[in-house]
Amino acid sequence: MVIYSTTLETFTEPKDKKALIGYCITDEEKEEKVLKPLLKDILNQFTNRFAVYDIFTKDSEYFKEFKPRVDGLMKDLKLSVKDRFKDLLF
């Protein structure tokens, strides 16, 4: 499992900082140094797409539209090394 987190300032008074955590459950062949930058990018895109108010108040269903973006960023990692090599050749 690889974890990346960032902090967000809450919208309430007094201001508070809370963690926004992204994680990836992976197999042994995926390297942390490859996954951490991807998780950082995903969280950056997520915080750019959604308002802090929405992040803290909306149900998880509200964020379903973001799933295709995550899938697009992680699509190559879903393939094994063998499958990625095959895609390059054929």
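The values are calculated or read from the model by the stated rules, or taken from the named source; none is laboratory data. From a predicted model like this one, the values you see are computed outputs, not experimental measurements. Please note: Cβ atoms are built from the backbone with ideal geometry, for glycine as well, and neighbour counts cover all protein chains shown.
Scanning segment 26-52 for residues that are hydroxyl-bearing (Ser, Thr, Tyr) and either more than 29 Å from GLU9 (Cβ to Cβ) or surrounded by fewer than 13 Cβ atoms within 10 Å (Cβ to Cβ) (or both) yields one hit, THR26. Could you please find all residues in segment 1-38 being among the hydrophobic types (A, V, I, L, M, F, W, C), under 16 Å from the mean Cα position of the chain (by Cα) and within 17 Å of ILE55 (Cα to Cα)? Answer for segment 1-38, where residues must be among the hydrophobic types (A, V, I, L, M, F, W, C), under 16 Å from the mean Cα position of the chain (by Cα) and within 17 Å of ILE55 (Cα to Cα): LEU8, ALA19, LEU20, ILE21.
Elements of the type helices (runs of 4 or more DSSP H) sitting completely within the chain and holding at least 3 residues that are modelled with pLDDT of 90 or more, out of contact with any His (no Cβ under 9 Å at 6 or more places or on another chain) and not aromatic (Phe, Trp, Tyr): these cover 32-49, 52-57, 67-78. Scan segment 5-25 for residues that are under 18 Å from LYS67 (Cβ atoms) and surrounded by 14 or more Cβ atoms within 10 Å (Cβ to Cβ) and the total you get is 3.
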